[in-house]
Amino acid sequence: MALSDLFARLRKDQDADAGTADPLVHPTKALGRFLAALGTRQQRVLLDLGPGGSNITFFGGEIGCKIFVEDLSKDIDRHVNQAKVERLPTFLDRRFQQESETIDGILCWDIFDYLERGAAERLALQLTRVLRPNGVLLAFFSTADPRSAMRPTYTRHIVIDRAHLEYRPYAAARAKQRPLLNRDIQRLFEPLRITDNFLLKTNLREVLFRKAAAAAVTPSAAVAAEG
Amino acid sequence: MPTGPDVQSHQGGTSTAPPPETRHQRVRDNVHIGKSVIIKGELNGSEDLTIEGHVDGKIELKDHVLTIGSNGKVKAQVFVKALIVIGEVNGNITASDRVEIRDGGSVDGDIVSPRVAIAEGAHFRGSVDMQRKAGQAAQAAPPPRSGVQPAPQAQTAAQVAQPVAR
């Protein structure tokens, strides 16, 4: 490949990263991978932790998934407004009524940015529980200092297409917490495995996790287990 | 030509207006349950319905549009052609055509419908299934959330049970 072709391709990638003319629309690299990882299984089930129904038409209509909408931002706001933030971890232990290993894909968006360590660990544990073997989880993590924000906001992530999201801010009762480091993110979701990790120009880290397929029970393993 | 007060109030006298019979029918085909009315039981009907009061039980309007007005509070399993929510619904919804939750509207329950629109500012908690046909889904409807029990079947079509003035 000629050097000029290489630079042309690089420029094209940069233009794509810059997004469209709309300042609220940003490129996403992980969403396409998330959708591809969901596969083509019938009756796929998604869990969306974002505000009610922003993406029902996209995921329900176009992708054909059943979607559980569980808006955690409202729960966080309620605990903050009632000065009961310390009860959030216990609350998250009981928050999800779904059966274990019944969800094909989980859209966390950036909800983990608003949780302190203890609550984040409990939430990650619950999400890992409900995720099917081979299921995928998409989460965004801010890398920016939360103190730079003038007033706290959540972000409504609206899917424009597989490569673009619209970030629509709305008022929050709580600011983002200290950004998580890469290894903290990895440990938080163990035993899920990180399959894709993109650092965007928007100071956002898009991370795609996958739960390992259920281990096949070999005859020797079965014998060892019985013994 | 009908001469009742409903018809007369809609006679505009312009040449483009529909005939009085049609307008009369349109008025009669949308039943309104006022905000002072509480209904406990099963609600069946063959007309479009707007609820501004409270309904607790089960609602079936399989070929018609149900609108839950801004004062309306429904704790019921709902089987309709189309549902528009501006008030509150607590229970599972099956709609053969569409469900719209408008700004300020609130739904706690599972929705089965081929088309679902949830406006910004609306509250929704539950699941949305746009994949299955509503008819199939009605047969295999999941158990209701929040303790909503199906009401005893005691009414005939277009009847309501024990309206209570508050």
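For residue B:78, the solvent-accessible surface with a 1.4 Å probe is about 0 Å², rounded to the nearest 10.
Rolled with a 1.4 Å probe across the full set of protein chains, the surface gives residue A:84 an accessible area near 70 Å². With a threshold of 19 Å on the Cα-Cα distance, the over-threshold entries among B:40/B:81; A:66/A:176; B:40/B:75; B:40/B:73; A:74/B:81; B:35/B:75 are B:40/B:81; A:66/A:176; A:74/B:81.
The mean number of Cβ atoms from other chains found within 10 Å of a Cβ in peptide A:54-63 is 4, as a whole number.
Database remark: amide H of residue A:101 closer than 5 angstrom to the amide H of A:130, A:131 (H placed geometrically; neighbours at sequence offset of 5 or more, or on other chains; Pro and chain starts carry no H). Summing charges over neighbours of residue A:79, with a neighbour being any other residue whose Cβ is under 11 Å away from its Cβ, gives +2 when K and R count +1 and D and E count -1. For the pair residue B:115 and residue A:173, a Förster radius of 41 Å applied to the C-beta separation gives a FRET efficiency near 0.80, rounded to the nearest 0.05. Working note: Karplus 6.51/-1.76/1.60 with θ = phi - 60° gives the range B:51-63 the couplings 10, 10, x, 10, 10, 10, x, 8, 10, 10, 9, 5, 10 Hz, where Gly and Pro are set to x. Charge dipole (Cα centre; +1 on Lys/Arg Cβ, -1 on Asp/Glu Cβ; no other charges) of the range A:138-219 amounts to roughly 240 debye. Taking all protein chains as they are arranged and a probe of 1.4 Å, the heavy atoms of residue B:130 leave approximately 20 Å² accessible to solvent. Here the 3J(HN,Hα) profile of the range B:31-43, calculated from phi with Karplus coefficients 6.51, -1.76 and 1.60 at θ = phi - 60°, is 7, 10, 9, x, 6, 8, 9, 10, 10, 10, x, 10, 10 Hz, Gly and Pro shown as x.
The values are calculated or read from the model by the stated rules, or taken from the named source; none is laboratory data. Predicted model only: the values in this text are computed from it and were never measured. Here the Cβ is made from the backbone with ideal geometry for all residues, glycine too, and neighbour counts use every protein chain on show. With ligands, DNA and RNA removed, areas are computed over all heavy atoms of the protein, side chains included. Shrake-Rupley method; radii C 1.70, N 1.55, O 1.52, S 1.80 Å.
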